[in-house]
Each structure stands twice: as C-alpha cells, then as structure tokens.
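Reviewing the structure listed below.
The values are calculated or read from the model by the stated rules, or taken from the named source; none is laboratory data. Please read these numbers as outputs of a predicted model, since none were measured by experiment. Note: ideal-geometry Cβ built from the backbone for every residue, glycine included; neighbour counts use all protein chains shown. Areas reflect the complete protein model, heavy atoms only, side chains present, ligands, DNA and RNA absent. Shrake-Rupley method; radii C 1.70, N 1.55, O 1.52, S 1.80 Å.
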Amino acid sequence: MFASYVVVLVVSGAILIGLSATIRELPLGRRIFNGLVGIGFLSYAGYLLVRYLTSATEFAYGISWLVFALPLALLIDAMRRIDLSDVRPPAFEDDDEPDPEYRRTAGSRDRRSARRAAELAAIRAKRESSAQMAE
C-alpha cells in the first residue's frame, strides 16, 4: 500500500507539472497553482521515501483522497480550456486528393475532367429547373 501511494503521488505531481508547463490556454494563476501542487505532491513523495528508508520503526503517514481526485479534476479543466478552433480539417478527402502531375496519365486527366464537366452540367440543370419552377 505504501509503495503504490508513493507512486500515485509521483505520477500525480508529474501530471500537474506537465499541465502547467505545456498547456498555454490556462490562465497564469491556474498554471502556477498546478505547478505548486505538483511540486507539493513530489515533495511529499520524497519525504515519505526518505522517512521510510531512514526510520528503524514503522511510522504513521496520512493518505489523502486529493492525490487521486485533484489531478483528474485539473486535467479535465485543462482539456476543456484547449482551443481547437484553429485546427483545420484536411483540404481533400482520401479519395478526392489529386495525384501529383507527374503521376497522372492522359486517361486519368480525361476521366477527371469528364467528371467535373458532368458535375457542372448537373448543377446548371438544377439551377435552370429551379428557375423555371419559380416562374
């Protein structure tokens, strides 16, 4: 139980320090808080390890539920604040991506131009039929 608690402290501290260092969308106060709490978790884990290794008898230590809940809550809050509005979808779909010019053959160029011409003709016919129905 002791070893797993110390491991959870170290992992939680590393996650919080990583959040404070990498996610720039967090306000400065939240980043400082994450960093300080992470340093606190790592310090407490180090204290417990030193005390365990140097004491001849068993010692009492407290297990806090915050070690489990706080990093999860702060991670969820940080993920909510990440702005993905500048992420653009790919310009082409997989099947619609043009081949490089040097790989196109005359047949593929003809098929591509015929498909585009058919699409344009369908659009024109649709506009003409809707214009006639409006009259």
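Just give me the residues in region 12-29 being under 18 Å from Val67 (Cα atoms) and in contact (Cβ under 8 Å) with a residue 24 or more places away in the chain, in sequence order.
At the first step, the residues of region 12-29 found to be under 18 Å from Val67 (Cα atoms) are 12-20.
Once the filter is applied, which keeps residues that are under 18 Å from Val67 (Cα atoms) and in contact (Cβ under 8 Å) with a residue 24 or more places away in the chain, region 12-29 yields Ser12, Gly13, Ala14, Ile15, Leu16, Ile17, Leu19.
The single condition from (1) open to solvent by 100 Å² or more (accessible area, probe 1.4 Å); (2) modelled with pLDDT under 70 that Phe68 fails is (2).
Taken together, Leu48, Leu70 contain a single residue that is closer than 14 Å to Arg30 by Cα and either touching a residue at least 12 places away in the same chain (Cβ under 8 Å) or among the polar types (S, T, N, Q) (or both), which is Leu70. When region 10-38 is examined, which residues are found to be surrounded by 18 or more Cβ atoms within 10 Å (Cβ to Cβ) and of a type in the set (D, E, K, R)? Matches in region 10-38: Arg31 only.
The single condition among (1) over 18 Å from the mean Cα position of the chain (by Cα); (2) in a helix (DSSP H, G or I); (3) surrounded by 10 or more Cβ atoms within 10 Å (Cβ to Cβ) that Leu53 does not satisfy is (3).
Here Phe41 meets each of (1) free of Cβ contacts under 8 Å to residues at least 60 places away in the same chain; (2) within 29 Å of the chain's Cα centre (by Cα); (3) open to solvent by 90 Å² or more (accessible area, probe 1.4 Å) with one exception, condition (3). From the list Asp95, Asp110, the one residue that fits, being open to solvent by 70 Å² or more (accessible area, probe 1.4 Å) and at pLDDT below 80, is Asp95.
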